[in-house]
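Written below as structure tokens is the structure these notes are about.
The values are calculated or read from the model by the stated rules, or taken from the named source; none is laboratory data. These numbers were taken from a predicted model, which means no experiment stands behind them. Neighbour counts are summed over all protein chains in view; Cβ atoms, including those assigned to glycine, are modelled from backbone coordinates with ideal geometry. Ligands, DNA and RNA are excluded from the accessible area calculation, which covers all protein heavy atoms including side chains. Shrake-Rupley method; radii C 1.70, N 1.55, O 1.52, S 1.80 Å.
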Amino acid sequence: MNEFSLNGRWELRDEPLTVSVKRAASLGAMKQGWIPTPVPGDIHQGLMAAGKIKDPLVGLNSFDCRWTENRSWWFRKTFTTQPGWRNAGIVELSLDGLDSNARIFLNGHFLGEHRNAYYPFVARIEKFLKPAGKNVLLVRLTAGLEEVTKKDIAALGVAPFTEVLHGRPERGDVRRPFARKPQYVFGWDWGPRLATTAIAGDAIIRALDTLAVRDVHVTCEKAGSDVRLKATVTVDWLEDVRSGEGNVEWTLTDPNGKKKKFSRDVFLKAGLNFVELETTIQKPLLWWPSGMGPQHLYTIEVCAKAEKRRVAYPAFQYGIRFIEMETQGTFGLVVNGQPVFCKGANWIPADCLYARVNDETYETLVREAKEANFNMLRVWGGGLYEREAFYRACDRYGIMVWQDFMFACDPYPDYLEAFRNEVRIEAEYQTKRLRNHPSVVLWCGNNENHWFLGVLWKDKAFGGFHLYNYLLPEIVQKNCPSVPYWNSSPYGGEDPNCAEIGDRHHWTSMKHADMRERIRPEAYDEVRSLFVSEYGYLGAPSRDTVRKYCGGALPERNSRVWFHHFNSFATYAQETVDAGIQKHYTDPQKLSTEDFLLYCGLCQGLMYEYSLDTFRGDLNCRGALFWMLNDCWGEVGWTIVDYYLRRKISWYFVKRALAPVRLVLRESQGSVRVVMANDSSRPIRGILEFGRISLDGKTKKLRAKAFSCPPMGRARVAKFKRDNSDPTENLWLARVKNNREILPGILRAADFRNLKIGKPILSSRILRKGKGWVIRVRGDNYVHAVHLELPKGASAAEDYFDLTPGEVREVRVDYKGTLAEKHVRIRSVNDYLSR
């Protein structure tokens, strides 16, 4: 098989939506009116490069791009017929990520139409190619909504969600359920309306002669202490009538570089042949989620040979792992026989213009999840099935993927046969594409549609249940039988969002009518869910990020640009953030914009850390995924890594809360229980000190006891009475004696604003360790949110941390230069708010 990439520079022009496809030939021949545009890419990229629009993610520029939805967009590529194509029996064109309502033409010939961005358009083109000279490929695309009628929408029973009630009338579109493309591009609470029109994937021509390997599916099953590995190779014998003789060869390279080869002679029938090869691996090296063990990956190489022709399937990596889902009295995953606490966040597309996300961005974001001690990302159903680079990164870093099918927050017209057929092809393609990735551990039918259809829209809305309850589970069982399927998220019980069964989206706190409940961390102590797969709290990015997305300067907090880049979730989002700052730190009305960003970020960190600690400390809870890891543009919002890939303040709080070994203190009826969560593969034993310590460190009332915590488990390691000491002058803590790797667990019984803290008493020392640096910081009193001001180019592994009296923290710093005392400034919230 010979592949020829059409990626790179294409040409773009726009025409009225009314321009007929009958004009394709004349449009394709026009010499004027074209601008360069990249493929993979979106029309907005070409328009920006040509100076026709400004960056739509900066300032208020997204409002100036609405006109693009009312035009048809024509992509043109010219290419020369390659010598090898003339001798090939079949020449295929593959266009991936056609968004949306595509019509495709080659040299004036209509190749077909395509209405789904989630699987590629493929057509044979050998008879349409010019033997000499230039071929002209023309693709007409639109935003995808122009053919949806009011009658179509009425048939759904209810109007799909928009953000009109939250003060953003431009965000959302009631027509979107009919378009098989990323739903978020029409606007969500966390993103603007920026309707994409794109060739978002690869454009490829394949020349096939006699033989092709279409697919390789690897499965594993236990055989005592060994593992039996089977590869099903789909060989296409490209003949209409005659048969042939051939050979299929499989090379397996283990994680240590040791190779094994297997081959099988095969009789080839015309068309598809399914060839199975098996081997037994003794002492298999397993793939584990991050924190539980290494991510061993085997390399798979397959080729087929017949009649002096040899074709190879692209080599890929495969991890041996076994997944079970437990639902009897609990809800959680078991990996390689070990129950796992799933910890992490939800994932959305990393750009409003998702076609321009590159491999480096995927690598950075997944690595940031790993560094924050995640072991799971949930790919949310209103975005897209991500590109291979995302899943490969998750494979390497041990990040389990909860993969939604792409349906979210709406009824979908599965009563239409054409719609069902589109979804079937999409699901067949995506399950086969992703099934060799060890990171993909769960397929889920949709986001929130069972909840909405079964409760909020009960007996009013129609559409979707056939997909989620019948079509999708059937396809998953056929193509990915080793991966569990879950109908929806949330799902379980009479009310799909109940706490007692399945998973839950806990938005009760952020939507509570009582503002005090929205900003009270202790409200999470009342949550009794088995698995929390969505919840969140808003926080600000850095000053540099805000300046960048606002066009260069920090805006006033009552300005239109500030409002546009502030999340619109529920009612009174801005008021909720202000109330949180007021409760925990200071009066937000007296803050500069820069100080507001600091305290807003600290509040988000406080809420995420407390809630994650609570869920890990609840021995009945099996997972906590907050909303969300990453942004698609710059805003004050849910994420811990911003659009420009900078860590927000809350990233550090989350990293600590999800540490492999974590101590959690919670009070109930005057007693404090201490729970240790241990995600590592080794037991933890030692001496635990626990009790009370004053903020100035002068008074201590601590006890000590031996403890143990099993590997990959959680245990209550202590319980003690909380005395009647003044909560504004004291902390209650637990710490492992002579072990700095396990951070102390802290219980504050008063809001930070009410603590009688003093000026920070800090000392520090800079040490050279290996190729990096370590800053050793000691606090002689209780110091909150210690943060390091470092030279440009320096990156700290830890920041915005608390120090208990007498505690020493070593912070690793990556910096290529020489790090001296004069380069480092250590600050804390005590500096600003001490009494």
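Below, the figures for the structure above:
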read-out: Distance histogram for region 165-218 (every C-alpha pair counted, 10 angstrom bins, percent rounded to whole numbers); value: 18, 31, 18, 19, 12, 3
read-out: Under 20 Å from K700, Cα to Cα: aspartates and glutamates that are on another chain or at least 8 residues apart; value: E667, E689, D723, D726, E729, D780, D802, E807
read-out: Heavy atoms of S795: accessible area, 1.4 Å probe, square angstrom to 10; value: 50
read-out: Theoretical FRET efficiency, 1/(1+(r/R0)^6), r = Cβ-Cβ of K771 and R547, R0 45 Å, to 0.05; value: 0.90
read-out: Accessible surface, 1.4 Å probe, highest first, among residues E741, E147; value: E741, E147
read-out: Solvent exposure ordering (accessible area, 1.4 Å, most first) of V58, V636; value: V58, V636
read-out: Inter-probe distance in nm under a simple model that places probes 7 Å from Cα toward Cβ, at D459 and E324; value: 4.2
read-out: Relative contact order for region 1-73, counting Cα pairs under 8 Å that sit 6 or more residues apart, in percent; value: 37
read-out: With all protein chains modelled, accessible area of E15 [1.4 Å, Å²]; value: 20
read-out: Solvent-accessible area per residue, Å², over region 356-479 with all protein chains present [probe radius 1.4 Å]; value: 31
read-out: Where a label projected 7 Å from the Cα of L619 along Cα→Cβ would reach, residues of region 332-364 with amide N under 17 Å; value: 339-341
read-out: Other-chain or far-sequence residues with amide H under 5 Å of G686's (modelled H); value: F707
read-out: Stretchable slack from T280 to T361, in nm (0.36 nm times residue separation minus alpha-carbon distance); value: 25.4 nm
read-out: Paramagnetic reach from A389 (point 7 Å along Cα→Cβ, amide N under 15 Å) across region 175-207; value: 200-203
read-out: Of all accessible heavy-atom area on region 148-236, the percent that carbon and sulfur account for (1.4 Å); value: 52
read-out: Convex hull volume of the chain per residue (C-alpha atoms, cubic angstrom); value: 178
read-out: Note, ³J(HN,Hα) from phi for region 13-26, Karplus 6.51, -1.76, 1.60, rounded to Hz, x at Gly and Pro; value: 8, 10, 9, x, 4, 7, 5, 6, 5, 5, 8, 4, 4, 5
read-out: Area projected by the alpha carbon convex hull of region 320-377, averaged over all directions, nm²; value: 5.6
read-out: Inter-label distance, nm, simple model (7 Å from Cα along the C-beta direction), F267/D226; value: 2.9
read-out: Those lysines that a straight Cα-Cα span of less than 29 Å connects to K269, excepting residues fewer than 8 apart in one chain; value: K127, K230, K260, K261, K305, K308, K432, K478
read-out: Loop-located GluC sites (Glu not before Pro) in region 528-589 whose Cβ has at most 16 other Cβ within 10 Å (DSSP); value: E556
read-out: Area of W638 that stays accessible when all protein chains are in place (1.4 Å probe, Å², to 10); value: 0
read-out: Amide H contacts under 5 Å for V174, placed H, 5+ residues apart; value: none
read-out: Net charge, P521 excluded, C-beta distance under 14 Å - Lys, Arg +1, Asp, Glu -1; value: -1
read-out: Sequence-separation-based contact order of region 478-614, relative, with Cα cut under 8 Å and 6+ spacing, percent; value: 24
read-out: Amide N proximity, region 448-483 versus A155 label position 7 Å along Cα-to-Cβ, cut-off under 18 Å; value: 460-468
read-out: Region 321-381 versus region 470-541: alpha-carbon centroid distance in Å; value: 15
read-out: Region 29-61 and region 723-766: distance between their alpha carbon centers, rounded to Å; value: 54
read-out: When each of K283/K705; K343/K737; K77/K370; K701/K822 is checked by Cα-Cα distance, pairs over 29 Å; value: K283/K705; K77/K370; K701/K822
read-out: Amide hydrogen neighbours beyond the local backbone of S263, cut-off 5 Å, H modeled; value: W250
read-out: FRET efficiency, R825 to K698 (Cβ-Cβ, R0 22 Å, nearest 0.05); value: 0.20
read-out: Cα→Cβ-extended label distance, 7 Å offset, between R86 and K259, nm; value: 3.7
read-out: Centre separation in Å (Cα based) which lies between region 559-607 and region 640-717; value: 28
read-out: Counted charge near L384, where neighbours are those whose Cβ lies closer than 12 Å (Asp, Glu -1; Lys, Arg +1); value: -3
read-out: FRET efficiency for R673 and S26, using Cβ-Cβ distance with R0 set to 60 Å, rounded to 0.05; value: 0.20
read-out: Phi-based couplings in Hz for region 485-492 (Karplus 6.51, -1.76, 1.60; Gly and Pro marked x); value: 10, 10, 4, 7, 9, x, 7, x
read-out: Contact order relative to length of region 63-210, as percent, for alpha carbon pairs under 8 angstrom and 6 or more apart; value: 33
